[in-house]
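One structure below.
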Amino acid sequence: MQTRTYPPKPSNVYLFGTCLIDLFVPQAGMDAVRLMEREGVSVHFPQDQSCCGQPAYTSGDAEAARKVARAQMDLFKQDWPIVVPSGSCGGMMHEHWPKLFAGDPVYGPKAVALAVRVFELAEFIVNVLRPDYSRARAEPCKVALHTSCSARREMGTRGHGLSLLASLPGVEVVEHVRESECCGFGGTFSLRHPDISGAIVRDKVDSIAGTGCQRFITADCGCMLNISTAAQHRGVGVAGTHMASFVCERLAGESA
Amino acid sequence: MNARTNMLNKLRAAAPRGASTMPDVAAYYAGRPAATLAERTERLAAELTASHADVRVVSRAGWAVDVARALEEKGVRRLLLQSGAEGQLLAGALPAGTQAAEFSRPLEDWKAELFEDVDAGFTVADCAIAATGTLVHLCGPHMPRTLSLVPPLHLVLVDAARIYATLFDAAAGENWPARMPSNLVMISGPSKTADIQQTLAYGAHGPARLMVFILRAEGEAA
Amino acid sequence: MSKHPMQFVPSADFKERARGALDDDKLRKSFRGAMDFLQAKRRNQFSDEEERESLRDLGSAIRKYALANLPDLLEQLERKLTANGIQVHWAETAAEANAIVLDIMQRNAARRMIKGKSMASEEIELNHYLGEHGMECVESDMGEYIVQLAGEKPSHIVMPAIHKNKADVAKLFEEHIPDTPYTEDVDELIQTGRRALRQRFMEADVGLSGVNFAVAETGTLWLIENEGNGRLSTTVPPVHVAIMGMEKVVAKLDHVVPLVSLLTRSATGQAVTTYFNLISSPRRPGELDGPREVHLVLLDNGRSQAYADEQLRSTLQCIRCGACMNHCPVYGRIGGHAYGTTYPGPIGKILSPHLLGLDEAGDLPFASTLCGACSEVCPVRIPIPDLLIRLRNEAKRNPNETVATPLRGQGAKHSAAERVVWQFWSGAFKSPKAWAALRWGATRLRAFTPGAQAGWTQHRTPLKPAPRSLHDLLKDKGQPE
Ligand code: SF4
């Protein structure tokens with residue numbers, strides 16, 4: 001992960017919603033829009049978008065991944081930042097699209113140009129929008145934080161997540177045991193190796209539950225669904241909330 | 001020779017063309033603040049102590065007496081010496097109960113005796129490395145490889161003036177590439193292992209105890 | 001643990017063995033304990049982040065440089081070693097390497113071999129081969145010795161007996177070493193091992209060792225260890241044979257300096273190990289000990305396949321520190337034996353396909369969440385997840401497709417059915433219309449979401465689409481495009 005330089009606050013951004021949020025957690029996408037609009041930014045959502053191509057990419061089908069990624073690459077015509085409310089998808093676009101299209105005379109340069117415009121939501125809020133959340137709800141609240149591994153390593157999302165949560169009054173982040181360890185999701189890994197994946201997520205659920213927090217915050221829907229449904233399966237009272245939704249919740253009732 | 005040709009041919013066919021630049025290790029280590037002799041001595045002693053060695057700083061005039069006293073403390077009966085002036089000096093200072101002999105016969109002539117009867121080996125380190133608490137031995141005619149390895153107690157004399165700050169400094173300062181002995185050994189503590197449930201135990205296969213006598217440099221106060 | 005493999009088991013059984021390991025509570029505890037311990041020790045060694053990262057840059061550059069010049073460096077190494085009196089042998093395959101070692105033994109009328117730690121010898125299954133030819137090989141590294149007594153294989157490349165606890169070792173020693181009472185006192189156990197092996201060092205006709213780095217500039221074999229068994233194996237017997245993967249050469253002696261620092265700190269969290277043993281020649285005239293003959297076997301065994309491909313070549317940067325396995329969430333759950341290969345964990349997943357072919361090791365690249373913990377700690381910056389993805393592509397590729405640098409076993413995991421799934425998937429996601437239809441279906445028919453979802457619901461509740469997709473919600477809101 002390189003340290004990147006951030007643009008000044010723009011008037012317009014694109015939202016890349018990601019397929020998981022689209023289908024399973026659309027409220028997180030809506031909340032992401034709300035947070036950016038709160039800062040006076042106009043959020044554009046090209047309706048033709050679908051998925052970054054990560055599932056096929058990590059499964060070893062680069063051709064299928066390219067087909068899907070290519071279909072996204074012409075949707076963001078203006079030179080605006082592309083904000084992604086999911087770290088691992090952001091990482092796919094920021095880190096892997098250039099590799100996926102290396103050597104492609106048309107899409108290669110395009111991927112490189114797009115990559116620098118891609119930001120993970122928390123990263124974008126903290127470093128570009130720099131909001132003032134001092135008037136958010138102040139009652140104390142303890143949460144655990146989970147960051148997707150690829151996102152943390154490719155996009156530095158742990159730092160961004162922590163800064164964002166730190167800017168919210170009353171919110172205390174409790175670190176859990178082996179916080180940086182993978183939750184066992186790994187996209188199709190969870191289907192291909194259910195036993196191993198199951199063992200890893202079991203430990204993750206236990207370590208979050210071990211903090212006494214019932215709730216963990218994450219900016220990654222894959223991990224969030226994995227951990228939450230695994231906890232539910234075992235009847236452990238731990239559930240995830242998307243970062244955007246959590247911030248909105250803390251801002252609720254804020255005098256506009 | 002067939003395998004050789006095949007292997008090299010395959011590699012040559014695949015090797016990247018064009019020159020690659022040699023990494024500059026010297027540049028990486030350059031510009032670190034130099035440590036004074038006193039700091040190097042202190043660091044060497046501290047690191048070796050942390051590695052479970054018994055370290056004593058001794059004077060030029062009295063070191064042999066100090067070593068002799070240690071031998072008596074440890075109840076060493078048979079001591080094996082590195083041939084040379086220091087060994088002879090030590091031999092002259094030994095306690096009554098300690099028998100000393102120079103390592104002077106080829107190993108195969110007395111292997112069992114070396115393995116079974118010798119209590120301690122005495123060597124003079126060529127130089128030392130402060131940062132890691134390391135004693136460097138250049139093995140050759142006067143420094144048998146097994147002397148610092150087979151006896152259960154190893155006593156080492158090292159001159160403080162010969163302590164380098166780092167491994168890089170030692171390798172460069174001593175110009176090792178130009179004068180590699182048949183066996184260069186770096187020793188940073190007694191033999192140890194953590195192979196059973198990560199529990200550290202000393203005296204795995206080499207010496208269980210290491211005693212280091214650092215000869216205080218000339219002109220340094222006691 | 002004894003239900004785990006004694007002999008090499010092809011990785012086709014990977015899933016089954018993984019399941020067995022997951023069910024073994026004691027085993028999981030052993031690995032968890034060991035990994036927490038090793039992770040903490042490594043962390044303490046690298047408290048200065050800037051120093052760590054710059055050292056990793058340097059380490060990686062040194063290994064890259066060595067690989068870029070590999071054929072030249074190997075020839076230079078051979079020249080220097082030969083001039084120093086060390087005999088160099090080249091082995092393309094495991095079988096050739098074994099035959100070379102046997103031949104050396106036979107020419108010296110040798111029968112007993114004492115072994116220092118050598119993963120390369122594990123890779124070629126030397127003990128087994130020599131045993132078949134009437135030779136006796138005894139492992140002398142405490143961990144290797146324990147594993148050999150148990151009739152097993154190492155489960156970690158640095159700590160071979162990491163899967164065993166004190167009680168296991170106590171039982172083994174009581175059973176196999178005469179006059180040994182049961183004790184869980186580790187000091188006593190180690191002294192027992194020491195006594196049992198002392199005689200073996202004295203009697204051995206040949207000592208065998210691995211090599212950590214070979215220096216082309218000086219013709220030096222650089223060996224790293226804590227126990228002293230490596231020094232004994234390479235010093236006491238009249239003949240010393242070293243085996244090394246041919247990628248382990250570096251250009252200059254001072255190139256080893258940052259590499260050893262990275263290696264010991266990454267491997268066991270030590271600033272240095274007890275012994276660095278730099279061997280540059282057999283016993284010279286006038287010297288009183290040291291082997292009369294020293295041999296080096298340079299082993300290819302599939303490495304040239306990785307070398308041939310620009311991306312996969314970085315696999316060979318590895319300095320075998322084991323940090324990738326110490327930090328791997330999969331390795332930590334299933335342990336080393338489940339992999340069924342000499343090199344387990346992340347490095348095994350990227351190396352084994354070259355040593356064994358994708359037909360035998362093709363499962364391994366898929367057994368990863370791609371979390372990247374491995375590449376984050378790798379001291380020489382091998383981009384392990386990228387290589388895993390690449391190997392997945394090669395395993396899935398049509399076996400008949402012609403590519404520039406084909407891998408052995410290409411297409412071993414090619415499945416027409418899976419291709420169809422991905423074709424359907426890419427069809428759906430590359431077309432806005434198809435994806436819209438799919439969204440519509442999934443959200444409207446959510447009541448019919450199956451309760452059992454392949455693999456997923458074994459450990460989780462089913463996933464259920466939301467009633468309305470983000471697309472729909474934003475369209476309703478009148479979001480600009
Ligand atoms: S791949 Fe990297 S981390 Fe793993 S053993 Fe090799 S050098 Fe160490």
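What follows is calculated from the coordinates using simple rules that are stated; it is not laboratory data. From a predicted model like this one, the values you see are computed outputs, not experimental measurements. No Cβ is skipped: glycine too gets one built from the backbone with ideal geometry, and neighbour counts run over all protein chains shown.
A simple count of charges around residue A:130, restricted to other residues whose Cβ falls under 14 Å of its Cβ and scoring Lys, Arg +1 and Asp, Glu -1, yields -1.
Please compute the contact order of the stretch C:429-476 in relative form: average sequence separation of alpha-carbon pairs under 8 Å and at least six residues apart, divided by the residue count, as a percent. All intermediate terms of the calculation are to be shown ahead of the outcome.
On the way: 25 pairs, mean separation 17.7, N = 48.
Relative contact order for the stretch C:429-476 comes out at 37 percent.
Relative to the dominant Cα principal axis of chain C, helix C:14-23 is inclined by about 90°. Considering only the Cα atoms of the stretch C:435-481, their convex hull presents on average a projected area of 4.1 nm².
Its Cα centre serving as origin, the stretch C:429-476 has a Cβ charge dipole (Lys and Arg +1, Asp and Glu -1) of approximately 80 debye. For peptide A:12-23, the mean count of partner chain Cβ atoms within 10 Å of a residue's Cβ comes to 4.
Sequence gap at least 6, Cα distance under 8 Å: using those rules, report the relative contact order of chain C to the nearest whole percent. Computed over chain C, the figure is 19 percent. Residue-normalised convex hull volume from the C-alpha trace of chain A: 120 Å³ per residue.
Shape analysis of chain C based on the Cα gyration tensor places the equivalent ellipsoid semi-axes at 45, 26, 21 Å, largest first. Two numbers describe the Cα atoms of the stretch A:12-128: Rg and Dmax, which are 13.6, 41 Å.
When the P(r) of chain B is calculated, the portion above 26 Å amounts to 45% of the C-alpha pairs.
From the Kirkwood radius over Cα pairs of the stretch C:59-152, Stokes-Einstein at 20 °C and 1.002 mPa s returns a whole-number translational diffusion coefficient of 139 µm²/s. Projected onto planes of every orientation and averaged, the convex hull of the alpha-carbon atoms in the stretch C:147-271 covers 9.0 nm².
Using only alpha carbon pairs under 8 Å that are at least six residues apart, calculate the relative contact order of the stretch A:12-128 and give it in whole percent.
Details: 157 pairs, mean separation 32.6, N = 117.
Normalised by residue count, the contact order of the stretch A:12-128 is 28 percent.
Overall dimensions of the stretch A:108-256, expressed as equivalent-ellipsoid semi-axes from the Cα gyration tensor (√(5λ), whole Å, largest first), are 26, 23, 11. The ranking of B:182, A:148, A:163 by Cβ neighbour count inside 10 Å, starting from the fewest, reads A:163, B:182, A:148.
Counting Lys and Arg as +1 and Asp and Glu as -1, each charge on the Cβ, what is the dipole of chain C about the Cα centre in debye, to the nearest 20? All intermediate terms of the calculation are to be shown ahead of the outcome.
Values: 60 positive and 59 negative charges, 412 e Å.
Dipole magnitude for chain C comes out near 1980 debye.
When N is the residue count of the stretch C:1-140, what does its C-alpha Rg come to as a fraction of 2.2 N^0.38 Å? Intermediate results must be reported in sequence, preceding the final value.
Numbers: Rg = 20.9 Å, N = 140, 2.2 N^0.38 = 14.4 Å.
Rg over 2.2 N^0.38 Å, computed on Cα atoms: 1.46.
The residues neighbouring residue A:110, those whose beta-carbon lies less than 10 Å from its own, together hold a net charge of -1 under the Lys/Arg +1, Asp/Glu -1 convention.
Listed by Cβ neighbour count within 10 Å, with the fewest neighbours leading, C:163, A:176, C:133 appear as C:133, A:176, C:163.
Compute the helix-to-body angle for C:70-84: its Cα long axis versus the longest principal axis of chain C, expressed 0 to 90° and rounded to tens. Computed tilt is about 10 degrees.
How big is the dipole moment of the protein assembly as shown about its Cα centre under a simple scheme where the beta carbon of each Lys and Arg is +1, that of each Asp and Glu is -1, and everything else is neutral? Debye, nearest 20, please.
Working: 106 positive and 108 negative charges, 537 e Å.
Taking the Cα centre of the protein assembly as shown as origin, the dipole is about 2580 debye.
Dipole of chain A computed with +1 at Lys/Arg Cβ and -1 at Asp/Glu Cβ about the Cα centre; of A:213, A:100, A:146, farthest Cα towards the positive end is A:100. Start at zero, step by 5 Å, and the Cα-Cα distances of the stretch C:328-481 spread as 2, 8, 12, 13, 15, 13, 12, 11, 9, 4, 1, 0 percent across the bins. Quick one: work out Rg over Rh on the C-alpha atoms of the stretch C:117-187, Rh as Kirkwood radius. A ratio of 0.99. Extending 7 Å from the Cα toward the beta-carbon at both residue C:40 and residue C:449 defines two label points whose distance is 4.1 nm.
Our analysis of the stretch A:1-46 gives Rg over Rh at 1.04, with the two radii drawn from alpha carbon positions and Rh computed by the Kirkwood formula.
Net charge near residue A:51, counting Lys/Arg +1 and Asp/Glu -1 over other residues with Cβ under 14 Å of its Cβ?
On the way: positive: A:66, A:67, A:70, C:430, C:439; negative: A:22, A:48, A:61.
With Lys, Arg at +1 and Asp, Glu at -1, the neighbours total +2.
Centroid-to-centroid, using Cα positions, the stretch C:288-337 and the stretch C:134-160 are 17 Å apart.
Taking every pair of distinct Cα atoms and averaging 1/r, then inverting, what Kirkwood hydrodynamic radius in Å comes out for the protein assembly as shown?
Values: mean 1/r = 0.0331 Å⁻¹.
Its Kirkwood hydrodynamic radius stands at 30.2 Å.
Quick check: Cα centre of the stretch B:94-163 to Cα centre of the stretch A:59-130, how many Å? Each part's Cα centre sits 63 Å from the other's.
Distance between Cα centroids, the stretch C:258-280 to the stretch A:9-52: provide it in whole Å. Spelled out, the Cα-based centre of one part sits 50 Å from the other. Counted by neighbouring Cβ atoms within 10 Å, the residues A:228, C:233 run from fewest to most as A:228, C:233.
For the stretch C:44-109, the spherically averaged projection of the C-alpha convex hull amounts to 7.7 nm². What are the aspartates and glutamates whose alpha-carbon lies under 16 Å from the alpha-carbon of residue C:153, with same-chain residues fewer than 8 places away excluded? Result set, ordered by chain and number: B:195, C:122, C:123, C:125, C:139, C:141, C:144, C:168. On a 0 to 90° scale, report how tilted helix C:49-68 is relative to the longest principal axis of chain C, with both axes built from alpha carbons and the result rounded to the nearest 10. So the helix axis and the longest Cα principal axis differ by about 70 degrees.
In this simple spin-label approximation, residue B:56 and residue C:400 carry label points 7 Å from Cα along the Cα→Cβ vector, and these lie 8.2 nm apart.
A cut-off of 5 Å between modelled amide H atoms, ignoring neighbours fewer than 5 places along the same chain, links residue B:183 with B:139, C:280. Listed by chain and number, the lysines placed with their C-alpha closer than 22 angstrom to that of residue C:396 are A:67, A:99, C:15, C:349, C:413, C:430; residues fewer than eight positions away on the same chain are left out.
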